[in-house]
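K.L.:
This is the structure I have questions about; it appears just below.
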Amino acid sequence: MNLETGTPKRKLASHDEDLAMRYWKNEDVLGLIERRSNFFDELLRETWHHIMPEKALEEISLYAVGGYGRQELLPHSDIDLLILASRPKDFREEIRTFLHSLYDLNVEIGHSVRRLKECRQEAQRDITVATAMFERRLLVGSETLDAKLTRVLNSSRLWPPEAFFKAKRDEQEARHKHFDNVEYGLEPNIKSSPGGLRDLQTAMWVLDRKFGTTNPDALEELGMLTHQEKEWLTDGRRFLLWVRFGLHLLANRKDDRLQFEFQRSLSQRLGFADTGSHLGVERFMHHYYRHVLALREVNDILLQHFDESILRANEKPTIEPINERFRIRNNYIETCSDDVFHDHPSALLEIFVIMANRVDIAGVRSHTIRLIRDSLHVINDEYRRNPENTRLFIDLLKAPHTLVSQLTRMRRYGVLGRYIPEYGEIVGQMQHDLFHIYTVDAHTMMVIRFIRRFHYRSMREHFPVACHCINNIPKIELIYIAGLFHDIGKGRGGDHSQLGADDVTAFCQRHEIGEADTKLVSWLVRQHLLMSSTAQRKDIYDPDVILEFASEVKSEMRLNYLYALTVADINATNPTLWNNWRATLLRQLYGETRKALRRGLESPVDKLTSIRACQESALDKLISQGMSTSEVETIWEIPGDEFFLRHTPRLVAHITRVIQNHDLDKGPLVELQDLKSQVTDEGATEIFLYTRDQANLFAASVVALDQLNLSVFDANIHTSEQGLCLNTYVVLDDSGLPIARNPAARTRVQKQLAKLLAQPDSLQKTVRRLLPRQLKQLTRRTQVRITNSKGVNHTELTIIASDRPGLLARIGLLFLDLGVTVLSARIATLGERVEDVFYILDANGHLIEDKEQAYTLENTLRQRLDSQITLSI
């Protein structure tokens, strides 16, 4: 490399440009990383020789350490240096000049200036410093001094292999805990997440400290790596460095977090095209997760094998025989011989059944894990049909302990994907949205985990209905099977629920599960979204909706299965989805459906009868409190039927009474009521707004609520012929909780809301809620649809959009600008998207039937809502 012409800064810029061009032409990333390291080696040597006097060559040395020491320099990696000198103060000015010349390059320089004694002291004190120095490379300087440093750092008293291993293992465990031990994060850290480059480096550091090499071929010769693990290691390292190199180029900075915007850009630039069933970015991340899973396995097996065969080699083992195939050695299960899985293929399932029936087995010994992987080829169609194997798998699902741990081990060792091939297809499969925060296979394990947790006493407070359901279903294995298959059809195109139902039917038949149970499991998989969608999209206070849902469910037993699966699915998809309002809706749907089933589907509750019963009971209370029938009936002309279907007679009577006592000349009436469970903290706050009708009342209301940092989850707007409105809004605060029951806090909300609505001109005409970064990077185009139905005196407007703070307020302001009058609204938040339905009229109180007018309204809403996100990026 010729560095004779141009300033170092220009040379670096030219070099970086050349590397970027080579990268996007898909040159081997390992060669590019080596080029960058060699460039800096030569640049630093040239600068060093230019500044340091000739006598310094025997008294001072320059080292590359850390990532630079192992020659892993990415476009924006730090340049970590160690300057070693016998008497550093003799070269103080030269060192300062040298470092100052490097800072002019605008690269991150990490440096330390030390004597030999200080190197030993710092290495002994800090494992991170010691690790960086263990990876040193002498760039220029005294070989005599270098030999002395080597003796110091190779001392048997400085981080012997046993102590170094324990320190690095603890360091890794702490890092994994920071990432919740999940290698499948939505926006993974290429370097630090479980299965990332740091896991690979940790294993290599430990082996290097013991054997003096990190060469994969040498480690295979030493028996520390199998051939397959060597391939996983080399392929995974190359892939992650390839991705990390591109990430640095796109971000134009040192950035190891694979954010959504970079996932999309990288997948496009690296040639991952969309297919009929997968987005290009999903295919790209599928490759990423597959490599990460393999690297984590290599890391785990290397560290475990090192611990067992090196550190504990001289320990006297404690051995407990289990049967002729397995035994326990020091709390870890192992095979009695290397040919167990060859001679007894069913043992590939038996080992996990044994562990799930005991609590004293800590894990599987590394040699046995390798034997399992080497024996996966025996799991074929004949194996899957073998009655002994099908019995073992069902026994596993019925086992009392650690089911999720065993299924996770089976997933990681490759057994589960071979035994259920459809499951193998979803390993590492992501969905590019904020709704699903795990890959499909990891989400499936989380579903099983939540179902298991519903057995625990500690969960009864948070999930009382789910715990009740789990304890009242006759066959627990059936819901586990449904959990395994509920999303297994994803990524194949078509309806994943129906595909999964077909797959699970074949599975049940193969496992000789009875016809009735097979139909139940197939129905659970096919309808696993039914309860959630019914609760959020339909009026579950309407007896006709309950009858329709109950007719599909058919029995209380099936209702229990479906409710438990639904709650587990929601919580395993994204913990933030399980808020108080969603819990309230599902609990209400469960309770009303159970009543309908116990009453009998042939004796449904009539909607008008329900309304009349509520009114009669409320009227009795109100008359006893001094109101006349005519006064009550006048007030009841304001709300719609939903008011009486949704609320108890007691609450109807209370709201009627406060309306009767309120003087609208003094401003709007704002009343807060709790929608709260009797046994949990689930619930929300319902705000009743009674006022005279005014232009754009809906817009003013939702903007006012937004300014109070309240999110609307349900809205009902009703206006009487006399121009009086009784609107209700179900809200939660920014923490997803009901408004605090503190009287002072509630009074403050009431007064502020009444004041804002009494003076609509004082409302801010812009929404100032900040958009989360992820939402800016991962949006869906807004869909707007206008429909008119015969015999209906309103136009239906449906908006499907990416959810965001203050969205309903933004829609309200758009209605204000466009002269849209809202008669009623149904708000549904489904993960990261909303599906809101509004019944509207135009500014003149007419239906929006003109095609051009409807097109203009649809287009304007769509463009304005999308631009609000685009302008925030």
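K.L.:
Among the listed pairs 148/168; 554/607; 89/254; 538/790; 398/538, which have their C-alpha atoms separated by more than 29 angstrom in this model? Working shown, then result.
P.N.:
On the way: 148/168 26 Å; 554/607 20 Å; 89/254 33 Å; 538/790 21 Å; 398/538 36 Å.
Among 148/168; 554/607; 89/254; 538/790; 398/538, the Cα-Cα distance tops 29 Å for 89/254; 398/538.
K.L.:
Something else about it: Heavy-atom accessible area per residue, segment 83-195, 1.4 Å probe: how many Å²?
P.N.:
Per-residue value: 52 Å².
K.L.:
Antiparallel as a % of all DSSP beta bridges within the chain, to the nearest 5?
P.N.:
Percent antiparallel among DSSP bridges in the chain is about 90.
K.L.:
Order 355-362, 659-666 from most to least packed using the mean count of other Cβ atoms within 10 Å. Let's see the in-between values first.
P.N.:
Numbers: 355-362: 15.9, 659-666: 12.0.
For the peptides 355-362, 659-666, the packing ranking is 355-362, 659-666.
K.L.:
Here's something else I'd like to know. Take the alpha carbon atoms of the chain, find their radius of gyration, then divide it by 2.2 N^0.38 Å using N residues; give the quotient.
P.N.:
1.16
K.L.:
So in segment 34-174, what percent of DSSP beta bridges are antiparallel if you round to the nearest 5?
P.N.:
Numbers: 9 of 15 bridges.
If we restrict to bridges inside segment 34-174, about 60 percent are antiparallel.
K.L.:
Work out the length of the dipole vector of segment 348-401 about its Cα centre, built from +1 on the beta-carbon of each Lys and Arg and -1 on the beta-carbon of each Asp and Glu, and round it to the nearest 20 debye.
P.N.:
Values: 8 positive and 7 negative charges, 26 e Å.
Charge dipole of segment 348-401: 120 debye, to the nearest 20.
K.L.:
With Kirkwood's inverse mean 1/r over C-alpha pairs for Rh, give me the Rg to Rh ratio of segment 269-410, two decimals please.
P.N.:
Value, to two decimals: 1.05.
K.L.:
Taking the alpha-carbon distance from residue 666 and a cut-off under 17 Å, which aspartates and glutamates remain once sequence neighbours fewer than 8 residues away in the same chain are dropped?
P.N.:
Cα-Cα hits under 17 Å: 693.
K.L.:
Work out which helices of the chain, taken as complete DSSP H runs, extend at least 30 Å along their axis over the Cα atoms and score a mean Kyte-Doolittle of -1.0 or more, then list them.
P.N.:
Span-like helices in the chain: 29-51, 227-251, 280-306.
K.L.:
Same structure again: Return the carbon/sulfur percentage of the accessible area of the chain, one whole number, probe 1.4 Å, all protein chains in place.
P.N.:
Working: 18140 of 39060 Å².
Of all accessible area on the chain, carbon and sulfur atoms account for 46 percent.
The values are calculated or read from the model by the stated rules, or taken from the named source; none is laboratory data. Keep in mind that this is a model prediction, so the values were computed, not measured. Don't worry about glycine lacking a Cβ; one is built from the backbone with ideal geometry, like all the others, and counts go over all protein chains shown. Note: accessible area is taken over every heavy atom of the protein model, side chains too, but ligands, DNA and RNA are not part of it. Shrake-Rupley method; radii C 1.70, N 1.55, O 1.52, S 1.80 Å.
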